[in-house]
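Reading through the C-alpha cells given below for one structure.
The values are calculated or read from the model by the stated rules, or taken from the named source; none is laboratory data. Remember, it's a predicted structure, so these values are computed and weren't measured experimentally. Glycine gets a Cβ as well: all are built from the backbone with ideal geometry, and neighbour counts include every protein chain shown. Ligands, DNA and RNA are excluded from the accessible area calculation, which covers all protein heavy atoms including side chains. Shrake-Rupley method; radii C 1.70, N 1.55, O 1.52, S 1.80 Å.
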Amino acid sequence: MPEPILKISKLSAHYGDFQALYGVDMEVAEGEVLAIIGANGAGKTTLLRSLSGLMSNEAGQITYRGQAIGALRADQVAALGIALVPEGRQLFPSLTVEENLMIGGRVNRAGPWNLHKVYDLFPILQERRGQASTSLSGGQQQMVAIGRALMSNPDLILFDEISLGLAPIIIKDIYAALPGIVGGGMSAVIVEQDITKALSVSSRVYCLQEGRVSLEGGSATVSREEISRAYFGIA
Amino acid sequence: MEWLNAVVQGTLLGGLYALFAAGLSLIFGVMRLVNIAHGDLIVMAAYLGLTATVVLGIHPLVALIVVIPAMAGIGYVLQRGILNRTLGDDLLPPLLVTFGLSVIIQNALLEGYTADPQKMNAGALETASLSVGGLSLGILPVLTFAVAVAVIAGLQWMFYHTALGRAFRAVSDNQDIAQLMGLNKRHIFGLAMALALAVTAIAGIFLGIRTSFDPSIGGGRLIFGFEAVIIGGLGNLWGTLAGGVILGVAQTVGAKIDPGWQVLSGHIAFLLILAVRPQGLFPRVSG
Amino acid sequence: MNLDSYTVTRGSKSAKIAAILGLIVIVILITAPWWAGRADMRLLGELFLYLALASLWNLMAGYAGLVSVGQQAYVGFGGYMLFALTIFGGVNPVFAIALAGLLGAAIAVPVAALIFRLRGAYFAIGTWVMAEVFRLSFAQVGALGGGSGTSLPVGIVRSMADGRSAREALSYWLALGVATLVVAAVYLFLRSRKGLALTAIRDNELAAGSLGIDIFRTKFLVYIVTCAMTAMVGALIFLQKLRISPDAAFSVNDWTAFVIFIVVIGGIGTIEGPIIGTLIFFALRETLADLGTIYLMVLGLVAIVIMLKAPKGIWGLIKDRMNLQIFPLGYRVETPDENKGA
Amino acid sequence: MSAILKLDGVSKSFGAVTVADSLSYELQQGEALGVIGPNGAGKTSMFNLITGTLPSDSGRLVFAGQDVTRQSAATRSRSGIARSFQVPQPFSGLTVFENAMIAATQSAGLTGREAERLCLQILEQTELLSKANTLAGKLTLLDRKRLELTRALCAKPKLLLLDEIAGGLTEAECTSLVQTIKDIHASGVSIIWIEHVVHALLAVVDRLIVIDFGKLVAQGDPKTVMDSKEVQEIYLGIEADA
Amino acid sequence: DNPVLRIGHVSPQTGPLASFAEADEYILNGLQQMFAGGIENNGKPWTIEVISKDSQSNPNRAAEVAADLILGDEVDIIVAASTPDTVNPVADQAEINEVPCVTTDCPWQPYFFGRNGVPGEGFQSTYHFFFGIEDWIAATLDMWSKLDIGKNVAGLFPNDADGNAFGDPETGLPPAMTAAGYSIVDPGRYQPLSDDFSNQIAAFKEADCTLVTGNMIAPDFATFWSQAAQQGFNPKIVTIGKALLFPSVIEGLGDRGDGLTTEVWWSPHHPFSSSLTGTTSRELAEGYAAASGRPWTQPIGFKHALFEVVADAIKRAEDLEDPEAITAAIASTDLNTIVGPVNWDTGPINNVSKTPLVAGQWQKKGDGFELEIVANGPASEIPITADLVPLS
Ligand SMILES: Nc1ncnc2c1ncn2[C@@H]1O[C@H](COP(=O)(O)OP(=O)(O)OP(=O)(O)O)[C@@H](O)[C@H]1O
Ligand SMILES: Nc1ncnc2c1ncn2[C@@H]1O[C@H](COP(=O)(O)OP(=O)(O)OP(=O)(O)O)[C@@H](O)[C@H]1O
Ligand SMILES: [Mg+2]
Ligand SMILES: [Mg+2]
C-alpha cells in the first residue's frame, strides 16, 4: 500500500454531552477511493466533519500528508486541499448557481478544475448558472455541491451521502461522473448508504457502528455476512 | 401644502435613520448580531469627527477621510477580539456583551470629552437651503438623504456584485459550509463589522453636523435604527431605507397632529407594521 | 424485580440543608427592623426588589426563552398605577400594589397578543419599542405630571403606618415579602406540571409539542404572570422612590439592563443564578458606585468578561464543580439498593 | 373494525421537493402497519404530517373519528397520537425519568404517584430503569432510541408511530424489541412503524405500505408487497443488482 | 474631639446634566479649606464633613443616593442642585425622612408644583432658592422691549419638567406674554431629543414670528436652530432657557451662536460677594477659569451660595443635634450671598426664596463668545454690560 495521504488515530468527537465517535482509527492511501458505510446515526457524518475541521477534536490525531491538522479551522483545512461535499447538499440559498461554484474556487489552489471544467462535467449547470441555487432539482443541487468542492482543486475529496434522496437515474449519472472526478489522482472518501454502490466504486471499505469502526477490509474481499454483522452488530 | 411639507421633511429625516440603520442591517443580516452598542458607536464616530475637525482644522465632511478608516479599524478589531466569540444560536451573549460595550463607550467618552453637548461646525452647509415647488429643503438633509441612498446602493452593489459580497452572503447562509469553502468566517465577520462601522462613521458625522451631541444620546438613536431594519425586513438594505423613510414620515406626520406624538407615532407605525407583517415589509426570500 | 421497591423523590440532601438555612435566613431577615440600621434596611429592601425582578426575568428568558428587553414597561406601569390609584382612587398603598399587579396582567394580554408574533431578536426589539410606547404614552398623561413626573403626596406615604420607623419596617417587609413570594412562586411553578412543560419547551420545542405541551399557551401564561408580578414590584419600587417620571419609570438601564446583567452574571436558567447575581451586583455597586464613570465601565467589563469566560454564570461554575442543588426541580428515582442503604 | 386513522389526499412539498403526494390510506383500530421506502422518500415527513409538527398543504386527516387537520401537535398528542423521532429528540437537560414524566403528565394527563408509577413501569419494559437518573443528553445513541420509545409509551397512546427504532441493535436486542412491540400491539394500541430492518418489521406488522417520492406506491399483505416488482426495483434494488 | 456635622451633596457629576456640576470640585475644594477649622455653633466648633454623591443625571439614582446619604451616612443636612431631575427626588427623600434640605438651580415652579406642593402649606424640611418663571418672563420682556421687532412669538416647550412649567397655559409663559401684548404660537409640548422641528418651524413662519422663546435642552435647540435656517425662518431675537446657558454649547453653534439670548442668574458682573469668604463674583469666576482653564459658567455662583446658606444656618441653629432646629435655622435665613439675598420669609410661596435675574446675550468677542448682560429691568442692581443686538 502506498504512503497514506490521511491518517486518523484514536479520534473521538462529542456533541455536548453526547459522544458520537469513540477512538476511530483510519487511513486513506494516496489516490484511493475509500468507502465508509454504517447505519443511520453511526457517526459517518461526524467523522467527515471532524476531518474537515468543522468539529473540534478533543482526542486523537489527524495527520494529512504528514502534517497534524486536527487543530486547524475548516478554512485552513480547505486551503490544504481537503474538500467536503456535505450531506444534504447545503448550497448557499442566496447565491446563484455560478456564485456557489465561484465561492468554492476561493481556496484557489492550482489544478485542473475551473468553471469550464465543471460545466463540461455537468452541462446542465451552465444553462442554470444565473438561477437561484434553491430552484434546482435535488440532483442538480448535488451536482453544484460536487462542482463547488471540485473548484478548490482538492487532493482529497470527501463525499457525504453522495446519492441520498436522489432518483435512481440521477444516482447513475453521478456515479458515472465519479471516475472523471477522481481519475486525476485525487483521493476520495465516499459515505454511502447503498452498500453495493459503495463497494463497487471503492478499493477499501470501513464500516462504522455506534461511533466505532466495526469492520475494515478490501471492497472486493469482504463478505456479505461480515458486512451485515458489522452493520447491525448482529453477533 | 403643510402636509406635503411634513411628508417631504419626514422623508429626508428618514435618510438619517437609514444611515443609522444601514450598518445595523448589514451586521444583523450577515451574522444575526444585535448590536446594542451601535448607537454609542455612532456617537463615538461623531466625537472622532469633532476631534479631527478641531485638531486638523478641517471641514467635518473632509474629516470623513480620517473617521471612516478609523471606525472601520475599530470595527474589525472589536469583532475579532470580542464579538466573534459571542456568536451562536443564543441571542443573549451578543446582547449582553454589546450592552457592556455600550456602557464602556458611553462612559469613556464622558471621561474623555465631558458631558458638554458638542457640535460640529459645517459652516454654510448647515443653513443652506434650496426651494422646490414652494417647499424649502435644507441642503444638509437633502445631502444626508442622498448619501444614505448612495451608501445603501453601494452596499447593495457590494453585496450582490463582488467577491466580498458573495462571501458575506455565503457566511450568512451557512457558516460551516462557508468555512469549507476556505472562508475564514471570523475574518469575514470582522470585515462586515468594519464595513458597518465605516457606515456608522458617516452616520455619526451627519448626526454631529445636524444636531449637538453628548455621550449619552446613542441609546435613543439606536432604537430608530433597529426599527428601520426590522420594518424593512432582515437583510434587505433597500428595505432598510424604506423603513427609515416610513419612520421619518410617521414622526413628522405625527408631529403635525401634535408635537408630543412625534416619537410615539414612529413607534406606533413600527408596531402596526409588525402586527400585519411580522417578518417586516420586504424580507429577503430564503430557501 | 418489584417496582414497589423503587421510590421517586424530589429533593436532595444539600437541598434540605439549604432549605433549613434558607428558612433561618428569612426569619433573621424578617426581624431586621429590630436589629438593622435604616440604611441597611433600605439597601436590603432594594436588593430584594432587584432579586424579584431578576427572578422574574430569568423565568421568562431563561426558561420560557422570551428574551425581553422591555420589562421596564411593567415596572413603570406598576409604579404609575400605584400613583394613580393612591392619588386619584384614594386606595391604600399596600392594596394598590396588589391592584397594580392585576392591572399589569390585564395590560400584558393585548401586548402579548402583538409581540408574540415576533421571534428572537425581533421579539427583543419589539418589547423594547413597546416599553418606549408606554413611556411616551404616560408622558402624555397630564394628570400624572406628563413628562415632568410627579411626587407621591407625603400624606399618602404617611397613611401607610404611624411613624417613620413603622413605615420603613412595613416597606422593608413588603420588599422582603415580594422577593420571597416571587422566588417561591418561580420555584413552585417550575416544580409543577406546567413548570415541567416549560423546562421541556426550553430543551426541545419539537419534542415538547409532540408530547402534548401547548407551547404558545405555556409561554403566554408565563409572560402574563411575569408581567403582573413585575408590575407589583414596580409599584413597590416607586413607593420607595416617592417620585415618578416617565424617564425614571421606564428606564431601560435601571429596570432591564441591570436585571439582565444580574441574571446572566449569576447564571441564567437556574433559580439560584439571580440570587447570586443580585448579591454580586450590589457588592459591586456598594463598593464602586462612588467612582461614577469608572464604576459603570467596570460593570460593562464584568458583563463582557463573564459572558466570554463563563457563559453559564457564576452559579453555572459552582454547579459544575460541586454538583450542588439548592432548589431541586427534578425527580430522583431511588433504586432498591439505595433505599436499603438509606 | 373501524378506522382509527384516515389520510385523505394529504400533500406537502418543500419548494420543488414533494414529500407527500396525495397520500390516502386508512389504519384500522388495533392494526400494525409497516412503512418502507428509500431514504428521503417522505416516510418521516408523513409522521410529521400525522402528528402535526408539519402542516399539510392540502388533504384531510381524521383520527378516532375527528378531523384533526387543523389541530396543533399538542392537541393531537393529548388525544392519543404518540411518536418516536428518527433522530432522537431528548430533553437533554432532564433525566431519563423526567423525560418520561413529561409524556405521562403532559400528554397522558396523569398526575402524582400514578404518573410516576407508569413511568417506572415503562422504563422497566424498555430496559432503561437503571438509567432513570441519567441526564438524557449523556445517553448513547441506542439508549436515546430506547428513550424515544419510552416517552411515546408513557403518553399512553391509542396510535403509536415508530420511526426507525431497530437500526443498530444487536440481534438479541432486536428480538427483545420486537417482543416489546408485539406486547404493545397486543394491548390494543394501533401502530405505524417505519423501519429499514425489514425482518424485524415483518415479525410484527399486519400490513405493509411502500412510499417513494412521497407517493404510496404499494400496499397490502407484507409478503406480497415484499415480493412485488415495485419493491424489488425501488427498495431492494441493491440486492437485485448483486 | 469636635462633634461632626455631615452635609450630603447630590449633583449630576456625570451624564447629560454634568455641565451643571462641572464646578463642583472647585467649589468643594475651596470650602474644604475654609471649613478646615470647623464652624462655630453656640460657641463650640463643629467639624464639617461634606459627602458628595453623583446622581448620574438620573432621577432614580438621585433618589437612591439621597436615601443613602440620609440613611447610610446619616447626614444632618442634605443639599442638591441642577434641574428638577436632581432637585426634586432629593427633596422628596429629605421631606419624607425629615432631614433639613436646601436646593437650588431649578426654577421654583417645577420644584414646588412638580412635587405636588400645596400653596399655603408648603413643605416641612425642604427649602429652595432660585428665580421663578415670572422673573424669567419679566427679564425677557424687558429685554425685548428695547427693540421694536414685532409682537409674534414662537414658543418651544418640551414635555419635561422645565418645559411643562414654562409652557403652562395658566402659570407659564403663554398667558404672561399675551398679557404683555404679544401673541404667542405654541404648537404643543414636543418630546425631548426630537430629530425634527419642521412642523413647528412651518407654523412659526406661517404666523410671521420674529421672536422665539422657550426652554429647551441643548441638542434640541441645535437641531431646531439649523433647521430654522434651512427653512428660511429668521427671527430677530431668540431667548431660550437652559439650552443656551453654557459657553460650550454656543461655541458648538459657531457663528449661529452669536446674538442668542438667555437668562442670567449669575455672572462675574453680579455686584454680590460671598458671605463666607468675601470673594466677589468676578473673583470667583476668574478663580475658576484660572484653576480649570475653562470659561466661567452660571452654576458656579449658585453652588457656592448653596454652601453659604448651609454654613449660615449651621452657625445660627439652636441645637445642631436636632433636625428641627436646623430646619428652623434654614427657614429664618436672611443672608446676602454671592447670588444675591436669600430670605424665605419674602418668598413668593412657602419654602421658596427668589434670587435676582437679568437677561443676557452671547456676543462674539474675538475668537470666543461673551455672555453680556443686556437688560436688567427687574434687578437694576446688576449692571448692563452691552447693548442688545438683533439677529441679522
Ligand atoms: N448537532 C448534533 N447534536 C447532537 N447530536 C448529534 C448532532 N449531530 C449528530 N448527532 C448525533 O450523533 C450521532 C452520529 O451522527 P452522524 O450524523 O455522524 O451519523 P451518520 O452516520 O452520518 O448518520 P446518517 O446515516 O443518518 O447520516 C447520531 O446519533 C446523531 O443523532
Ligand atoms: N423542513 C424541510 N425543508 C425542506 N426539505 C425537507 C424538510 N424536511 C424534509 N425535507 C426533505 O424531504 C425529503 C423527505 O424526507 P423524510 O425525512 O421524510 O425522508 P424519509 O423517508 O424519512 O427518509 P429516511 O429513510 O432517510 O429517514 C428529503 O429529501 C428531505 O431532505
Ligand atoms: Mg450522515
Ligand atoms: Mg426518516
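Select the strands (runs of 3 or more DSSP E) contained entirely in region E:313-374, then report the ones holding at least 2 residues which are open to solvent by less than 10 Å² (accessible area, probe 1.4 Å) and among the aliphatic types (A, V, I, L, M).
In region E:313-374, E:358-365 are the strands (runs of 3 or more DSSP E) which contain 2 or more residues that are open to solvent by less than 10 Å² (accessible area, probe 1.4 Å) and among the aliphatic types (A, V, I, L, M).
Restricting to region C:187-228, count the residues that are among the acidic types (Asp, Glu) and either under 16 Å from the mean Cα position of the chain (by Cα) or closer than 18 Å to residue D:79 by Cα (or both).
1
Answer yes or no as to whether residue E:268 is without any contact (Cβ under 8 Å) to a residue 40 or more places away in the chain and open to solvent by less than 20 Å² (accessible area, probe 1.4 Å).
Considered against the rule, which asks whether it is without any contact (Cβ under 8 Å) to a residue 40 or more places away in the chain and open to solvent by less than 20 Å² (accessible area, probe 1.4 Å), residue E:268 comes out as yes.
Of everything in region D:161-173, what is away from ligand 4 (no atom under 16 Å from the Cβ) and surrounded by 21 or more Cβ atoms within 10 Å (Cβ to Cβ)? Give them in sequence order.
D:169 - this is the single residue of region D:161-173 that is away from ligand 4 (no atom under 16 Å from the Cβ) and surrounded by 21 or more Cβ atoms within 10 Å (Cβ to Cβ).
Going through region E:151-187 one residue at a time, which ones are within 14 Å of chain C (Cβ to nearest Cβ) and either more than 25 Å from residue E:112 (Cα to Cα) or open to solvent by 20 Å² or more (accessible area, probe 1.4 Å) (or both)?
E:160, E:164, E:168, E:169, E:170, E:171
So which helices (runs of 4 or more DSSP H) are wholly in region B:196-287 and hold at least 3 residues that are more than 17 Å from the chain's Cα centre (by Cα)?
B:237-257, B:262-276
What single numbered condition from (1) more than 10 Å from every other protein chain (Cβ to nearest Cβ); (2) away from ligand 2 (no atom under 15 Å from the Cβ) fails to hold for residue D:173?
With respect to (1) more than 10 Å from every other protein chain (Cβ to nearest Cβ); (2) away from ligand 2 (no atom under 15 Å from the Cβ), residue D:173 is out only on (1).
Take region A:59-98 and flag every residue that is charged (D, E, K, R), more than 10 Å from chain B (Cβ to nearest Cβ) and either crowded, with 22+ Cβ neighbours inside 10 Å or within 15 Å of ligand 1 (Cβ to nearest atom) (or both).
Matches in region A:59-98: A:87 only.
Only one of these is surrounded by fewer than 24 Cβ atoms within 10 Å (Cβ to Cβ) and at negative phi: B:191, B:197. Name it.
Of B:191, B:197, the one residue that is surrounded by fewer than 24 Cβ atoms within 10 Å (Cβ to Cβ) and at negative phi is B:191.
At least 1 residues that are within 16 Å of ligand 3 (Cβ to nearest atom) in each: list the helices (runs of 4 or more DSSP H) lying fully within region A:1-120 that qualify.
In region A:1-120, A:44-51 are the helices (runs of 4 or more DSSP H) which contain 1 or more residues that are within 16 Å of ligand 3 (Cβ to nearest atom).
Might you check whether a residue that is within 14 Å of chain A (Cβ to nearest Cβ) and either under 17 Å from residue B:149 (Cβ atoms) or modelled with pLDDT of 90 or more (or both) occurs anywhere in region B:265-279?
The answer is no, given that none of the residues of region B:265-279 is within 14 Å of chain A (Cβ to nearest Cβ) and either under 17 Å from residue B:149 (Cβ atoms) or modelled with pLDDT of 90 or more (or both).
Identify the residue in region B:159-168 that is in contact (Cβ under 8 Å) with a residue 12 or more places away in the chain and open to solvent by less than 40 Å² (accessible area, probe 1.4 Å) and, among all such residues, is nearest to the other protein chains (Cβ to nearest Cβ).
Only one residue fits best here, namely B:167.
When you scan region D:121-136, do you find a residue that is part of a helix (DSSP H, G or I), within 16 Å of ligand 1 (Cβ to nearest atom) and more than 11 Å from residue D:100 (Cβ to Cβ), even just one?
Scanning region D:121-136 turns up no residue that is part of a helix (DSSP H, G or I), within 16 Å of ligand 1 (Cβ to nearest atom) and more than 11 Å from residue D:100 (Cβ to Cβ).
Could you please let me know if residue A:55 is within 13 Å of chain B (Cβ to nearest Cβ), away from ligand 4 (no atom under 16 Å from the Cβ), open to solvent by 40 Å² or more (accessible area, probe 1.4 Å) and over 26 Å from residue D:164 (Cα atoms)?
So residue A:55 does not fit the description; no.
Tell me which residues, restricted to region B:40-60, are in contact with a Gly (Cβ under 9 Å, 6 or more places away or on another chain) and hydrophobic (A, V, I, L, M, F, W, C).
Passing the criteria: B:41, B:42, B:43, B:44, B:45, B:46, B:48, B:50.
Give the residues of region E:206-237 that are more than 9 Å from chain B (Cβ to nearest Cβ) and out of contact with any helix residue (DSSP H, G or I) (no Cβ under 8 Å at 6 or more places or on another chain), sorted by residue number.
E:207, E:208, E:209, E:210, E:236
Tell me which strands (runs of 3 or more DSSP E) are completely within region E:63-174 and hold 1 or more residues being within 30 Å of residue E:225 (Cα to Cα) and touching a residue at least 24 places away in the same chain (Cβ under 8 Å), or say none if there are none.
In region E:63-174, the matching strands (runs of 3 or more DSSP E) lie at E:77-81, E:101-104, E:152-156.
Being more than 10 Å from every other protein chain (Cβ to nearest Cβ), of a type in the set (S, T, N, Q) and touching a residue at least 60 places away in the same chain (Cβ under 8 Å) narrows it down to one of B:240, B:252, so name that one.
Of the residues listed, the single one that is more than 10 Å from every other protein chain (Cβ to nearest Cβ), of a type in the set (S, T, N, Q) and touching a residue at least 60 places away in the same chain (Cβ under 8 Å) is B:240.
Every residue in region D:176-216 that is within 14 Å of another protein chain (Cβ to nearest Cβ), more than 16 Å from ligand 1 (Cβ to nearest atom) and over 19 Å from residue D:150 (Cβ atoms), please.
Answer for region D:176-216, where residues must be within 14 Å of another protein chain (Cβ to nearest Cβ), more than 16 Å from ligand 1 (Cβ to nearest atom) and over 19 Å from residue D:150 (Cβ atoms): D:198, D:199, D:201, D:211, D:212, D:213, D:214, D:215.
When you scan region A:21-43, how many residues do you find that are within 16 Å of residue A:199 (Cα to Cα) and within 16 Å of ligand 2 (Cβ to nearest atom)?
3
Would you please name the residue that is nearest to the other protein chains (Cβ to nearest Cβ), looking only at residues in region A:185-196 that are within 16 Å of ligand 3 (Cβ to nearest atom) and not in a loop (DSSP other than H, G, I, E, B)?
A:195
Those residues that are more than 30 Å from residue A:41 (Cβ to Cβ) and either within 20 Å of the chain's Cα centre (by Cα) or aromatic (Phe, Trp, Tyr) (or both), I need them from region A:72-102; list them, please.
Those that are more than 30 Å from residue A:41 (Cβ to Cβ) and either within 20 Å of the chain's Cα centre (by Cα) or aromatic (Phe, Trp, Tyr) (or both): A:79, A:101, A:102.
Tell me which residues, restricted to region D:43-62, are away from ligand 2 (no atom under 11 Å from the Cβ), under 15 Å from the mean Cα position of the chain (by Cα) and within 15 Å of residue D:25 (Cα to Cα).
If the condition is that a residue be away from ligand 2 (no atom under 11 Å from the Cβ), under 15 Å from the mean Cα position of the chain (by Cα) and within 15 Å of residue D:25 (Cα to Cα), then D:50 is the only one that fits.
For region C:11-29, check the following and say yes or no: at least one residue is within 14 Å of chain E (Cβ to nearest Cβ) and open to solvent by 10 Å² or more (accessible area, probe 1.4 Å).
No: region C:11-29 contains no residue that is within 14 Å of chain E (Cβ to nearest Cβ) and open to solvent by 10 Å² or more (accessible area, probe 1.4 Å).
Do any strands (runs of 3 or more DSSP E) entirely within region D:1-76 hold 3 or more residues that are open to solvent by 20 Å² or more (accessible area, probe 1.4 Å), and if so, which?
Where strands (runs of 3 or more DSSP E) fall fully within region D:1-76 and carry at least 3 residues being open to solvent by 20 Å² or more (accessible area, probe 1.4 Å), they are D:3-14, D:17-28, D:58-63.
Would you mind listing the helices (runs of 4 or more DSSP H) fully within region C:231-325 where at least 3 residues are over 30 Å from residue C:14 (Cα atoms)?
Passing ranges, in order: C:246-249, C:272-288, C:293-309.
Going through region D:88-134 one residue at a time, which ones are more than 9 Å from every other protein chain (Cβ to nearest Cβ), touching a residue at least 12 places away in the same chain (Cβ under 8 Å) and surrounded by fewer than 19 Cβ atoms within 10 Å (Cβ to Cβ)?
Result: D:125, D:127, D:134.
How many residues does region B:117-146 contain that are open to solvent by 50 Å² or more (accessible area, probe 1.4 Å), within 24 Å of residue E:243 (Cβ to Cβ) and hydroxyl-bearing (Ser, Thr, Tyr)?
So the answer is 1.
In this structure, does residue E:192 turn out to be modelled with pLDDT of 90 or more and under 20 Å from residue B:266 (Cα atoms)?
Answer is no for this residue.
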